[in-house]
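Right, one structure below, let's go through it.
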Amino acid sequence: MEIKLISGDITTLKVDAIVNAANSSLMGGGGVDGAIHRKGGSEILEACIKIRNKQGGCDTGQAVITTAGLLPAQYVIHTVGPVWQDGNHQEAKLLRSCYLESLRLAEAHSLKTVAFPNISTGVYRFPKPKAAEIAIQAVQEYARMYQTKIEEVTFVCFDQENFDLYNHLI
Ligand code: AR6
């Protein structure tokens with residue numbers, strides 16, 4: 001599995017799945033979630049409503065998958081990152097789980113190319129250096145632990161600070 005790093009807007013990527021930093025309601029919001037719903041159109045929200053009606057949203061650290069609507073990607077994997085409190089509320093474990101569960105879901109759908117934003121590092125205020133470490137470690141460990149058929153994982157950094165951190169670590 002190849003790990004790539006780019007800076008830019010995740011909604012422009014033509015990959016099998018882009019990951020969304022959603023909230024547990026799955027009803028959209030700001031940041032990358034807002035951009036995905038805005039550009040992907042109503043089909044994504046309709047799919048989220050169906051999931052909500054079936055299982056009542058998505059827990060922190062878990063992931064669900066929908067169509068990508070009008071986006072160039074094929075699917076959106078919605079995962080819910082932890083809100084940073086003080087580091088003593090399982091934030092690290094839950095953030096790691098977001099990456100692992102998203103990859104498991106991609107694998108279950110036989111997807112080959114997946115792109116991640118920097119989950120929880122915006123509105124949810126997770127410290128960026130720690131979040132970058134967790135994200136990269138989780139993806140690398142996933143590739144080592146499982147006989148994955150996922151070919152490519154791209155980290156998409158929207159802000160320069162995250163790009164510099166990832167660039168240093170990868
Ligand atoms: N492409 C890639 N990354 C982006 C984009 C984009 N178009 N836009 C922002 N980012 P955030 P969170 C980066 O706040 O912290 C929403 O309201 C941004 O620079 O989107 O997990 C949800 O509904 C940051 O590094 O997500 C939830 O309520 C990263 O995406 C809540 O925010 C994550 O920032 C989730 O908060």
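Please go through (1) hydrophobic (A, V, I, L, M, F, W, C); (2) in contact with a His (Cβ under 6 Å, 6 or more places away or on another chain); (3) farther than 21 Å from Leu95 by Cβ for Val15 and return the number of the only condition it doesn't satisfy.
Among (1) hydrophobic (A, V, I, L, M, F, W, C); (2) in contact with a His (Cβ under 6 Å, 6 or more places away or on another chain); (3) farther than 21 Å from Leu95 by Cβ, the lone unmet condition for Val15 is (2).
Considering only region 66-76, I want to know if a residue exists there that is of a type outside the set (A, V, I, L, M, F, W, C) and closer than 13 Å to Ser120 by Cβ.
Scanning region 66-76 turns up no residue that is of a type outside the set (A, V, I, L, M, F, W, C) and closer than 13 Å to Ser120 by Cβ.
Report the residue count in region 135-164 for those that are surrounded by 22 or more Cβ atoms within 10 Å (Cβ to Cβ) and in contact with a Cys (Cβ under 9 Å, 6 or more places away or on another chain).
Counting residues in region 135-164 that are surrounded by 22 or more Cβ atoms within 10 Å (Cβ to Cβ) and in contact with a Cys (Cβ under 9 Å, 6 or more places away or on another chain) gives 1.
Just the residues that are more than 16 Å from the chain's Cα centre (by Cα) and assigned to a helix (DSSP H, G or I), please, taken from region 143-162.
Answer for region 143-162, where residues must be more than 16 Å from the chain's Cα centre (by Cα) and assigned to a helix (DSSP H, G or I): Ala143, Arg144, Met145, Gln160, Glu161.
Filter region 14-36 down to the residues that are more than 9 Å from the ligand (Cβ to nearest atom) and not aliphatic (A, V, I, L, M), then identify the one that is farthest from Leu100 (Cα to Cα).
Top of the filtered list is Lys14.
When you check Gln137 against the structure, is it assigned to a helix (DSSP H, G or I) and more than 11 Å from the ligand (Cβ to nearest atom), yes or no?
yes
Do you know which residues across region 34-49 are more than 13 Å from Val64 (Cβ to Cβ) and in contact (Cβ under 8 Å) with a residue 24 or more places away in the chain?
Hits for region 34-49 are Ala35, Ile36, Lys39, Gly40, Gly41, Ser42, Glu43.
Taking region 72-113, which residues are small (Gly, Ala, Ser) and either loosely packed, with under 15 Cβ neighbours inside 10 Å or touching a Leu at 6+ places or on another chain (Cβ under 9 Å) (or both)?
Ala73, Gly81, Gly87, Ala108, Ser110
Tell me, please, whether a residue that is in contact with a Phe, Trp or Tyr (Cβ under 8 Å, 6 or more places away or on another chain), of a type outside the set (Ser, Thr, Tyr), part of a helix (DSSP H, G or I) and at pLDDT 95 or above can be found in region 111-120.
no
The values are calculated or read from the model by the stated rules, or taken from the named source; none is laboratory data. As the structure is a prediction and not an experimental result, all values here were calculated from the model. When we count neighbours, we look across all protein chains shown, and the Cβ atoms used for this are built from the backbone with ideal geometry, even at glycine.
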